[in-house]
Each structure stands twice: as structure tokens, then as C-alpha cells.
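Notes follow once the structure below has been shown.
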Amino acid sequence: MAIGAGIGFLGGLLGKGGSALATPILVAFGIPPVIALVAPLPATVPGTLVAADGYRRKGLIDRNVLVWSLIAGVPATILGAICSKFVEAGSLILVTDAVILVLGVRMFLRPGHAGAELNDEPVGRRLIIGVAVVTGLAAGLLANSGGFLLAPLFIAVLGMAIKPALGTSLAVAAVLAVPGTLIHLALGHIDMTVVAAFALGSVPLSGLGARVALRTDPSRLERGYGAVLALLGAGFLIAAFA
């Protein structure tokens, strides 16, 4: 519950479900890796919805990005989850950590720097679909909701401002967590006792994290967000090679 509370707060603050952060922490506290990989995923659904609702009420969810992300991301998540039996997850986690590190450094050094513009609707749609497919595959393979990549890629690739990127990321991640949860449940990868304890801690704190983010100055939030991503990416890479 304590781990869930901390991850829930960070998830709401950083616009992500938090399952990617939870796995290494749960393993460090003695949860078997196969359980730690999947256990946080079901808990991200209610927690992420609670956090996303705060952004929705402020009008900070981009519906166009949300819809196209779900159209492309849900099938990609299902495919990734099915393929998780055949793919070695360790190398994928390393690549993901490296991407998080690079995106975090970029946002810390260049806050407010927009990526590709979405003025051309077909081009913008292709970019959204590309981000959603990459994120969905990674989410399915690594048994998480994809929020660890969604918000940084929304900012870096789509050129979204940080608060709409965080709000939209939370809304997308809440849905992407569902098919992955069902498939991993069918594969017997979920320990409901761990899930319940994690959820009891994470759901209330997710909303609190989102409220803190909404009240923070956007440029300061983006620079802090980049710093956290960079530290997490570097920390996970160092731990993997230690």
C-alpha cells in the first residue's frame, strides 16, 4: 500500500499510470519479478481515471489526440501483450529506460520547445498514430499502461504543451491498461492480493498528484518533469548494469 501510494502520487503528477516505476521498486521489496511486472497494471485503471478527471474538468485533454491514440494504441497493446510470451523483456526495458533518459534531458534543457506541428491534419494524425502504436506495443510487452512514454512523446513529437500532454496521456493510459490487464490475467500473471494492496494506496494519491501538477507553473512543471524522467531513466540503466 505504501509503494502504491508513492507511485500513485508520482503517476498523477507526471501524467502516467506509474506501473513502469512500480515494477523495479516492488522487486526490490521482495515481490517476484513476474508478479511485480504485472501487478501494478490493473491498479492504474481507477487511479489514472481519477487523475485524468482533474485535467478533464480543466479542459486539458485533447480529444483528437485521445481518439486517434486509442484507435491505434488498443490493437497495438493487445498485440504486444500476446507477444510478451515470446519476447525477452529485459532488452526492451533497457531501450525504454534509454528513451526516457533522452527525452527527460531534452525537456529539462529545452522546456517549452515544441516538436512537429500538427497544423496539417493528415500529418498530425499519422504522428499521433505512430506514437500510439509504439507506446501500445511497449505497453503490452512490458505489462504497463504506456504512460511512461505517452506524455514525453506527446511533447517531443506532437509539440503539445505539458499540461494537455499530461492530461491526454492519463486518459489514454487508463484505456490502454484494460486489454493488457485482461490478457495477462488470462495468462495467469496477476496476483490479486498484490493488486488490491497496491490499488488501495495508489488510487487516492493519484488525484492528489494531478492537483499538484495542475497548480504548478507550466515551464517549471516541464523542467521538473524532464529532470525526474532523466533521473529515473539514468537510475534504472545504472541498476540494470550494476
Between Val212 and Ala239, the FRET efficiency computed from the C-beta separation at R0 = 45 Å comes out, to the nearest 0.05, as 0.95
Would you mind putting 173-181, 99-107, 191-199 in packing order, based on average other-beta-carbon counts within 10 Å, highest first? 173-181, 99-107, 191-199
Inter-label distance for Arg63 and Ala28, nm, one decimal - labels placed 7 Å from Cα along Cα-to-Cβ: 4.2 nm
Quick query: amide H of Gly159 versus all other amide H atoms, modeled in the peptide plane; which residues come in under 5 Å with a sequence gap of 5 or more or a different chain? Gly115, Ala116
For Ala2 paired with Ser219, estimate the spin-label separation in nm (one decimal), with each label point 7 Å from Cα along the Cα-to-Cβ line. 3.9 nm
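The numbers here are math on the coordinates, done by the rules we state, and not lab data. No experiment lies behind these values; they were computed from the predicted model shown. Cβ atoms come from the backbone with ideal geometry, glycine included; neighbour counts cover every protein chain shown.
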